[in-house]
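**Q** Quick one: the structure is below, and I'll ask about it shortly.
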Amino acid sequence: MAVADPPVPKLTARANACADRVRAADRVLLASHIDADGLTSGAIASTALARAGIDHEVVFEKQLDAESIAGIAAREFDVVLFTDFGSGQLDVIADHEDRGDFVPVIADHHQPADRETEFHLNPLLEGINGASELSGAGASYVLARALEGPDGDNRDLAALAVIGAVGDMQDSDGGLVGANEAVVADGVDAGVIETRTDLDLYGRQTRPLPKLLEYASDVKIPGISNDEAGAIAFLTDLDIEVKRDGEWRRWVDLDGEERQILASGLMRRAVASGVPADRIEALIGTSYTLVDEEPGTELRDVSEFSTLLNATARYERADVGLAVCLGDRGDALAEARRLLRNHRKNLSEGLQWIKNEGVTDEEHLQWFDAGSRIRETIVGIVAGMAIGSPALDGSKPVIAFAEESAEELKVSSRGSHALVRKGLDLSAVMRDASQAVGGDGGGHDVAAGATIPIDERDAFLAEADRLVGEQLS
């Protein structure tokens, strides 16, 4: 079925083929990943299936491996729709397909394994960058648009797709680019998203102004970043009312003129402190506001919404994250907020542990092994936060280890877009180094992961260091 004005024309043929196959199924099992991109991917696909009258069930997997795929096959659904994973596990999935266990339909953005399958919607297959131009939620959204009936309109689901893209760090150069821009445009047209050029700091909706500035680690401004007293002193010197009724105001509480004064003051301080020009430019970016959500809440800003989602599924409560994505603003939201408080505490403790213990430097990378002290589902987030902090060397990627079980280590790697521009591809590093020691891995150029046997850490590190050195030479 042709759809008017498809958001990503290069993917239309693949999206239509996937939509037709899903429509023809009696029942569909929808399997998705547990990060913010995976939860929004699952919510988009589930909503689109429900609107199309397609009977389905939803399952979430921490990782897609031979064991979890076998579990999915045992559910005996004719069609399995994989969102935000599946491409990288196509070799295992295709074996089940060949045996007639199920027909896979995949909407993903990760590097595909070296196997073919008929119903495969992935931007990489059409020359679109899956790490920076379209996320898993974006691929799900393209499928959702293809699932619209003659009178259907799924453009409101663009809001979830933008949350997924931002949660997947695809806006880290100041805004969303490439195919993501078409998704944003759909959301604006549907009246669910508002964009503006804004101060590009996390917590614009919910953080009191001193915390907004103190915790802003992407652009370090001496005397303000990581400096509570310095941030307060800077704010009190500005010609604006930073407190009202004894309470610190938030960015969202300021009017346009007050925001301009604060942003200009921040720029002047950065220049005076010798912050490089390209870093000062990074203080300004595009903000994405969800206009139907309550101002001043973590649901109003897409980056804060994505953090809330990460706080659910990574603690085995994907059901809560999914319910919030599907519109539950009662019990599910209350539970998500409780989980978010716990998540923030764990991230803070994880960062503090890295600051205390430090990292080990190899020639081309740096690493730390948290053992059981940092939960394996969040060690990648902690590593990503650490690489933007003074505790780590920003010129090298970081590899983090955490215990997954008595037999396996979880590996998470994080780099920067500057390193990617120099040739870094952590997806290839994680895949090749893990397979060399009997594990498996993959992901994106700037962020990837793997699972390896617990006693193969040092052999893995040696191979990863060699591979990074080759890429950056």
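**Q** Considering only residues that are open to solvent by 20 Å² or more (accessible area, probe 1.4 Å) and among the β-branched types (Val, Ile, Thr), look in segment 35-58 and name the one that is farthest from LYS410 (Cα to Cα).
**A** The qualifying residue farthest from LYS410 (Cα to Cα) is THR47.
**Q** In addition: Name the one entry in ASP440, ASP465, ASP432 that is acidic (Asp, Glu) and open to solvent by less than 30 Å² (accessible area, probe 1.4 Å). Outline the logic, then answer.
**A** Details: ASP440 fails: open to solvent by less than 30 Å² (accessible area, probe 1.4 Å); ASP432 fails: open to solvent by less than 30 Å² (accessible area, probe 1.4 Å).
Only one candidate qualifies: ASP465.
**Q** Output the residue which, of all residues in segment 149-166 that are outside any helix (DSSP H, G or I) and under 20 Å from ARG14 (Cβ atoms), is modelled with the lowest pLDDT.
**A** GLY149
**Q** Collect the residues in segment 313-333 that are more than 20 Å from ALA158 (Cα to Cα) and either at pLDDT below 95 or of a type in the set (Asp, Glu) (or both), keeping them in residue-number order.
**A** Selection gives ALA313, ARG314, TYR315, GLU316, ASP319, ASP331.
**Q** Looking at ALA216, ALA190, ALA182 in this structure, which one is modelled with pLDDT of 90 or more and out of contact with any Asp or Glu (no Cβ under 8 Å at 6 or more places or on another chain)?
**A** ALA182
**Q** Yes or no: ALA334 out of contact with any Leu (no Cβ under 6 Å at 6 or more places or on another chain), open to solvent by 30 Å² or more (accessible area, probe 1.4 Å) and either among the aromatic types (Phe, Trp, Tyr) or free of Cβ contacts under 8 Å to residues at least 60 places away in the same chain (or both)?
**A** Taking the combined requirement at face value, the residue satisfies it.
**Q** Right, here's the next one. Go over the candidates ALA428, ALA386, ALA462 one by one and state the one that is closer than 30 Å to GLY223 by Cα and either touching a helix residue (DSSP H, G or I) at 6+ places or on another chain (Cβ under 9 Å) or in contact (Cβ under 8 Å) with a residue 40 or more places away in the chain (or both).
**A** Selected residue: ALA386, the only one of ALA428, ALA386, ALA462 that is closer than 30 Å to GLY223 by Cα and either touching a helix residue (DSSP H, G or I) at 6+ places or on another chain (Cβ under 9 Å) or in contact (Cβ under 8 Å) with a residue 40 or more places away in the chain (or both).
**Q** Something else about it: Within segment 389-427, count every residue that is open to solvent by less than 20 Å² (accessible area, probe 1.4 Å) and part of a helix (DSSP H, G or I).
**A** Qualifying residue count for the region: 3.
**Q** Return yes when ASP114 is open to solvent by less than 10 Å² (accessible area, probe 1.4 Å) and either at pLDDT below 95 or out of contact with any Pro (no Cβ under 6 Å at 6 or more places or on another chain) (or both) and no when it is not.
**A** Taking the combined requirement at face value, the residue does not satisfy it.
**Q** Within segment 287-318, can you find the residues that are in contact with a Gly (Cβ under 6 Å, 6 or more places away or on another chain) and among the small types (Gly, Ala, Ser)? Outline the logic, then answer.
**A** First, pick out the residues of segment 287-318 that are in contact with a Gly (Cβ under 6 Å, 6 or more places away or on another chain): 306, 309, 312-313.
Within segment 287-318, SER306, ALA313 meet the criteria.
**Q** Give segment 59-89 a look and list any residue that's free of Cβ contacts under 8 Å to residues at least 40 places away in the same chain, over 24 Å from the mean Cα position of the chain (by Cα) and open to solvent by less than 50 Å² (accessible area, probe 1.4 Å), or say none.
**A** Within segment 59-89, ALA70, GLY71, ALA73 qualify.
**Q** Kindly state which helices (runs of 4 or more DSSP H) lie completely within segment 276-336 and contain at least 2 residues that are under 22 Å from SER172 (Cα atoms) and among the polar types (S, T, N, Q). Please lay out each step first, then the result.
**A** On the way: elements: 277-281, 302-313, 318-325.
It comes to 302-313.
**Q** Of the residues ARG145, ARG204, which is open to solvent by less than 50 Å² (accessible area, probe 1.4 Å), within 30 Å of GLN352 (Cα to Cα) and of a type in the set (D, E, K, R)?
**A** Matching residue, one of ARG145, ARG204: ARG204.
**Q** Pull out all pairs, ordered by first then second residue, where Cβ-Cβ is under 8 Å, the residues are six or more apart or on different chains, the first lies in segment 9-32 and is in a loop (DSSP other than H, G, I, E, B) and hydroxyl-bearing (Ser, Thr, Tyr), and the second is open to solvent by 10 Å² or more (accessible area, probe 1.4 Å) and at pLDDT below 95.
**A** Listed pairs, sorted by first residue: none to list.
**Q** Can you find, within segment 270-286, the residue that is farthest from ALA336 (Cα to Cα) among those that are touching a Gly at 6+ places or on another chain (Cβ under 9 Å) and open to solvent by less than 50 Å² (accessible area, probe 1.4 Å)?
**A** SER273
**Q** When residues of segment 340-354 are filtered for being open to solvent by 40 Å² or more (accessible area, probe 1.4 Å) and more than 11 Å from VAL382 (Cβ to Cβ), how many remain?
**A** Looking only at that region, the number is 4.
**Q** Now for a different question. Could you tell me which numbered condition MET169 fails, if it satisfies all but one of (1) open to solvent by less than 20 Å² (accessible area, probe 1.4 Å); (2) under 24 Å from HIS417 (Cα atoms); (3) out of contact with any Asp or Glu (no Cβ under 8 Å at 6 or more places or on another chain); (4) at pLDDT below 95?
**A** (1)
**Q** Same structure again: Here is a list of conditions, (1) touching a Ser or Thr at 6+ places or on another chain (Cβ under 6 Å); (2) farther than 27 Å from ALA282 by Cα, and ALA400 meets all of them except one; can you say which number that is?
**A** Unmet for ALA400, out of (1) touching a Ser or Thr at 6+ places or on another chain (Cβ under 6 Å); (2) farther than 27 Å from ALA282 by Cα: (2).
**Q** Take LYS355 and decide whether it is in a strand (DSSP E or B), of a type in the set (D, E, K, R) and touching a helix residue (DSSP H, G or I) at 6+ places or on another chain (Cβ under 9 Å).
**A** Spelling it out, it is not the case that LYS355 is in a strand (DSSP E or B), of a type in the set (D, E, K, R) and touching a helix residue (DSSP H, G or I) at 6+ places or on another chain (Cβ under 9 Å).
The values are calculated or read from the model by the stated rules, or taken from the named source; none is laboratory data. The structure presented is a predicted model; accordingly, all values stated were derived computationally and were not measured. Using ideal geometry, Cβ is built from the backbone for each residue, glycine included, and neighbour counts are taken over all protein chains shown. The protein model used for the area step is the full one, side chains on, heavy atoms only, and it has no ligands, DNA or RNA in it. Shrake-Rupley method; radii C 1.70, N 1.55, O 1.52, S 1.80 Å.
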